[in-house]
């Protein structure tokens, strides 16, 4: 009985029906929250007494970095579920998250570099977190490149799935080793996220942006899954009926 | 059974000897390029020699990864071996060991020569040898997963580096650091311990992942 | 704070605005690319279904 319910949940058709009414409000709410967060971050929040106005970059850099790491873990879990239980929707989910996660990683790297220039004096610093983020970007790109190199899409799903699973085990290891290597060579103490105790005027836009950006990424990923479904299930009757209407 | 598999692999590598000597020559040339391009100053070279030797060894070992599965994949032997040899894991392990013995170990053997060229202090030699022995073994292991995933693809070679290198970075960090630390007279047992742990973890997980990867590629 | 001061961001205007600007481009880009792909797929499939119907 419960198996039927689960099956209905992971069926492309019911996913399509659900996202029909779920996606637009998700997108709209996330955009509104992002606008509020940006307003607070750019206008209504205090400057850091050391970094001045550049601390406002934190409201973009930290949420996108968080989203990129969160995205990779979710992508790896989806890929694992797809690989182990051979659920097509799971593979579609992993594939849809990848470009969004890669975009967030890219954004985190770029804003990190832009933030670094006035704060540390150089465009790039081999800070443990930035370096791990760079490697994470390679992992995302590798996942997408491997998948697109396969002519048979389902084989590509499984191959990329193996890669994602191997990679996710490695991410904490990479971070630990980079942190260790970085503290070995560190000449100055750098704290990217600012002091641990943040005034509430800074915490609010930060948390707001984090929630908004993650919600936005989830919505975009879910939107991309719809495209995947259209592409892969194109011969199914329910799609023909839906599109001819 | 395993002995037969191993013998077969080693014989195969021996027959295409240039596959074995090419990485060595590449290793030699690459390391030699750095003093020419950067500086012949002995002290500066010594401080970066650990990293340079490690990166060059990594690149050289990666060059020969293709030979692990490609020939057998092309003529169908890989599929036969995996399905009919009783244990696909033994097949993979035999190939990994033969790759390490024919590529990794020769690299380790000539590394002291390169260390001298790079003015690495002699008391760092043990660190260099021990870290490289473990490091090349890990590379053969990780490379087998990457190779398994890309063996059936046309542009596999380029993709292989993209897949393997991020996974290898922790090994590179700790391996090169062991050599550099030894060069400065510091303790390096922690780095070696880390490498050993990474090796143990790879030995446990890689055969599984490799067999899964190859099964996908031979479909 | 005047609007001029707001743009200037205490001398760090370039850094702050380029960060938010690139972020905006990427977020809008993510949305537009997905939506474009959706439209393309729907058109492609509709064309195909119409063809199939005609052939029947």
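Every read-out reported here was derived from the displayed coordinates using simple, explicitly stated rules and does not represent laboratory data. Note that the structure is a prediction, hence the values are computed from the model and not measured. Quick reminder, even Gly has a Cβ in these numbers, built from the backbone with ideal geometry, and neighbours come from all protein chains shown.
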By the mean-Cβ-within-10 Å protection proxy, highest first, A:10-21, A:94-105, A:35-46 rank as A:94-105, A:35-46, A:10-21
The stretch B:118-176 and the stretch A:88-106 have their Cα centres apart by a whole-number Å value of 28 Å
A student applying the Cα gyration tensor rule (rounded when a/c is under 1.5; otherwise prolate if a/b is larger than b/c, oblate if not) would label chain B prolate
Relative to chain A, whose Cα atoms define the longest principal axis, helix A:128-149 and its Cα axis are tilted in degrees, nearest 10, by 20 degrees
Partner shielding of A:113-121, as the mean number of partner chain Cβ atoms within 10 Å, equals 3
A student applying the Cα gyration tensor rule (rounded when a/c is under 1.5; otherwise prolate if a/b is larger than b/c, oblate if not) would label chain A oblate
If A:72, A:49 are placed from fewest to most neighbouring beta carbons inside 10 Å, the sequence is A:49, A:72
Mean Cβ-within-10 Å packing, highest first, puts peptides B:31-38, A:162-169 in the order A:162-169, B:31-38
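Please compute the contact order of chain A in relative form: average sequence separation of alpha-carbon pairs under 8 Å and at least six residues apart, divided by the residue count, as a percent.
Values: 256 pairs, mean separation 78.6, N = 245.
Relative contact order comes out at 32 percent.
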For residue A:36, placing the label point 7 angstrom along Cα-to-beta-carbon and taking the stretch C:21-41, residues whose amide nitrogen sits under 15 Å are none
Ranked from fewest to most other Cβ atoms within 10 Å of their own Cβ, C:19, B:130 fall in the order B:130, C:19
In deg cm²/dmol, rounded to the nearest 500, the helical mean residue ellipticity at 222 nm of chain A, built from -39500 (n - 2.57) for every DSSP H run of length 4 or more, is -28500 deg cm²/dmol
Here the residues of the stretch A:45-73 lying in the modelled label zone of residue A:148, meaning backbone nitrogen under 20 Å from a point 7 Å along Cα-to-Cβ, are A:72
Residue-normalised 222 nm signal for chain B, counting each DSSP H run of n ≥ 4 as -39,500 (n - 2.57), nearest 500 deg cm²/dmol, is -27500 deg cm²/dmol
Nearest-0.05 FRET efficiency for residue B:110 and residue A:244 at R0 = 51 Å, using Cβ-Cβ distance, is 0.15
For the pair residue A:29 and residue B:117, the simple spin-label estimate (label points 7 Å beyond Cα toward Cβ) gives in nm 6.3 nm
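Can you tell me, using C-alpha contacts under 8 Å and at least 6 residues apart, the relative contact order of chain B as a whole percent?
27 percent
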Quick calc: nm separation of the 7 Å Cα→Cβ label points for residue B:158 and residue C:39 -> 3.1 nm
A chain fully extended from residue B:75 to residue B:14 at 0.36 nm per residue, minus the present Cα-Cα distance, gains in nm 20.1 nm
So for R0 = 22 Å, FRET eff. of residue C:24-residue A:117 from the Cβ-Cβ r, to 0.05, ends up at 0.65
With Cα coordinates, the longest principal axis of chain A makes an angle with the long axis of helix A:12-42, in degrees rounded to 10, of 10 degrees
The helix B:42-63 Cα axis meets the longest alpha-carbon principal axis of chain B at an angle in degrees, between 0 and 90 and rounded to 10, of 10 degrees
Honestly the protein assembly as shown on the Cα gyration tensor test (a ≥ b ≥ c root eigenvalues; a/c under 1.5 rounded, otherwise a/b vs b/c for prolate or oblate) is just oblate
Between residue B:203 and residue A:84, the two model label points (7 Å from Cα along the beta-carbon direction) sit apart by a distance in nm of 2.6 nm
Fewest-first ordering of A:115, C:17, B:14 by Cβ atoms within 10 Å yields B:14, C:17, A:115
